[in-house]
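The values are calculated or read from the model by the stated rules, or taken from the named source; none is laboratory data. Treat the numbers as computed from the prediction; the structure is a model and nothing was measured. Positions of Cβ are generated from backbone atoms using ideal geometry, with glycine treated the same way; all protein chains shown enter the neighbour counts.
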Amino acid sequence: MHKATIWLTFLLNACASAAYREPEVQIPTAFRERLDSLAPPTQPSPDAVPVATTDTAVIGEYWRSLGDTTLIRLLEAALAGNLDLRAAEARIRGARASKFEATLDFAPTVIASAGYTRQRIASASFPIGSGSFPDQDIWDAGFDAIWEVDVFGRIRHGVRAQGALVGAAEEDLRNVRVSLAAEVARAYFELRGAQELLAVAQRNGENQRRTLQLTRERLEGGRGTAFDTERAQTQLSITLALIPPFEERVAQAQYRLGVLVGRSPAEVANELNAVAPMPPLPTTVTVSSPDTLIRRRPDVAAAERRVAAEHAFVGSAKAEYWPRLSVGGNAGFTSDEFGDLGGDGTFRYAVGPVVTWPFLNLGRVKARADVARSLEDEARAGYDRTVLEALEEVESSLVAYRTALARVEQTRDAAEASARAADLARLRFTGGVADFLQVLDAERTQLDTENQLALARTVAANAYASLYKALGGELQ
């Protein structure tokens, strides 16, 4: 009796499974970095070549507030045709099928069979008597069925685990959508930034070409030097050399967008040849509280669902400590002649309960339960890491966007001042009150600052796209 009590205590402790509770993590009450409120752009960008789309509700105010219809069409096209999305949707279908398969374990398993056997019984098996047994034909048709009664929750926990994995797959799909939208926006901003850099080089090239022509005219009129002409030619050649790399960047961004929308890169590139400016960006953004925003992010929600799945798998593994109760049976027809199947005397059946218990293999059961518990611990650690990384991403994205906007403002002032300085230098040189070195220096400064402004705008736009991903695709 004492030994039975010990075994019962061991089984109860081994099978004890606490109810699932969502992992708890320390999340601050407010973000350190802030952009106080949402301010829409002051002016929309011009329309561009349309891209075929499918309506979707995924595009929110975050992108529509920019007023760039080409960007919206690209986002909608990507959400309708991107291949990564198709793969994520396929994973959801697979997870749902796995859950349905697990649910079927509640129902009996029925297998139909039919067969033919020709046999001979060895006479040596029956020493009494003489002679040999004749060969026999056996025709058999019927079905076998077994139904496990889920007394201790093994099947129930398995279904819960598969349901949680379905939730994780659905959150993974949402995460792919958010990441895809951010990637499309980044590629689009790279395209507009490269087009602006190309335009800056071409515009400065035209200015420097006029300057070169002026030095040649002054040289022919006896008022200039060959040295000034050669320096003007050098500066023009350096500027023109920037154009091919910028053309390459434009083409690469176009091709990248083609892949993201799930269409031929060259086809989409042809639709995006029209030049348009970078869309104006909002200067401030409102975000939800850290606890609400972080838990709503798709990667965090997916990690939580995986914790729930592993917890349920632990319950299923612990249920193996207890006996399994099943009801089995079979029925059919057996005859030595095929034509007699189904006739009188050929029907057979058997039915009865079956109890199985791995009494002598409890060590293996415990090992499997320990593995399940370790996987749950791993999933909880992964959840905590995901939350911390999400907090880091939001804070980093907020500060990156804020500083990028500040850089744009400062660089814009410098670019405008350098353009005015270059105009003044050319006027002074034409009037004979300044040497050509001042013109060259002013034109180099103008080219550099306008390039820096184009790059700063691209960085700020990319930071806006990264902020969208950090916020999980939501503002509130």
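Could you go through the stretch 359-367 and let me know if any residue there is surrounded by 13 or more Cβ atoms within 10 Å (Cβ to Cβ) and of a type in the set (Phe, Trp, Tyr).
No, the stretch 359-367 contains no residue that is surrounded by 13 or more Cβ atoms within 10 Å (Cβ to Cβ) and of a type in the set (Phe, Trp, Tyr).
For Ala251, indicate whether it is modelled with pLDDT under 90 and either aliphatic (A, V, I, L, M) or buried (at least 21 other Cβ atoms within 10 Å of the Cβ) (or both).
In short, no.
Only residues in the stretch 443-472 that are at pLDDT 90 or above count as the first member; pair them with residues that are buried (at least 20 other Cβ atoms within 10 Å of the Cβ) and among the basic types (Lys, Arg), Cβ under 6 angstrom, at least 6 apart or cross-chain, and list the lot.
Here the result reads Asn462/Arg186; Ala465/Arg186, each pair linking the stretch 443-472 to a residue that is buried (at least 20 other Cβ atoms within 10 Å of the Cβ) and among the basic types (Lys, Arg).
Mind listing whichever residues of the stretch 256-285 are touching a Phe, Trp or Tyr at 6+ places or on another chain (Cβ under 6 Å) and either crowded, with 20+ Cβ neighbours inside 10 Å or touching a residue at least 40 places away in the same chain (Cβ under 8 Å) (or both)?
Residue satisfying the conditions is Leu281 alone.
Whether any residue in the stretch 313-320 is of a type in the set (Phe, Trp, Tyr) and in contact with a Phe, Trp or Tyr (Cβ under 9 Å, 6 or more places away or on another chain) is what I want to check.
Within the stretch 313-320 (the criterion being of a type in the set (Phe, Trp, Tyr) and in contact with a Phe, Trp or Tyr (Cβ under 9 Å, 6 or more places away or on another chain)), the answer is no, since none of the residues qualifies.
Evaluate the stretch 360-374: report whether one residue or more is under 30 Å from the mean Cα position of the chain (by Cα), part of a helix (DSSP H, G or I) and of a type in the set (D, E, K, R).
Yes, there is a match, as at least one residue in the stretch 360-374 is under 30 Å from the mean Cα position of the chain (by Cα), part of a helix (DSSP H, G or I) and of a type in the set (D, E, K, R).
Of the conditions (1) within 30 Å of Leu388 (Cα to Cα); (2) among the acidic types (Asp, Glu); (3) out of contact with any Pro (no Cβ under 9 Å at 6 or more places or on another chain), Glu230 satisfies every one except a single condition; which number is it?
Of the numbered conditions (1) within 30 Å of Leu388 (Cα to Cα); (2) among the acidic types (Asp, Glu); (3) out of contact with any Pro (no Cβ under 9 Å at 6 or more places or on another chain), the odd one out for Glu230 is (1).
Name the pairs whose Cβ atoms lie under 6 Å apart, with the first residue in the stretch 334-353 and surrounded by 12 or more Cβ atoms within 10 Å (Cβ to Cβ), the second among the aliphatic types (A, V, I, L, M) and modelled with pLDDT under 90, and 6 or more positions between them or separate chains?
These pairs meet every condition: Ser335/Leu341.
Checking Tyr188 against (1) buried (at least 23 other Cβ atoms within 10 Å of the Cβ); (2) touching a strand residue (DSSP E or B) at 6+ places or on another chain (Cβ under 9 Å), only one condition comes out false. Which one?
Unmet condition: (2).
Residues being under 17 Å from the mean Cα position of the chain (by Cα) and surrounded by 22 or more Cβ atoms within 10 Å (Cβ to Cβ): count how many of those fall in the stretch 286-297.
2
Look through the stretch 60-75, keep the residues that are touching a residue at least 24 places away in the same chain (Cβ under 8 Å), crowded, with 19+ Cβ neighbours inside 10 Å and not polar (S, T, N, Q), and return whichever of them is farthest from Ala276 (Cα to Cα).
It comes out as Tyr62.
Can you work out which of the residues in the stretch 418-431 that are surrounded by fewer than 16 Cβ atoms within 10 Å (Cβ to Cβ) and touching a residue at least 12 places away in the same chain (Cβ under 8 Å) is farthest from Tyr468 (Cα to Cα)?
Thr430
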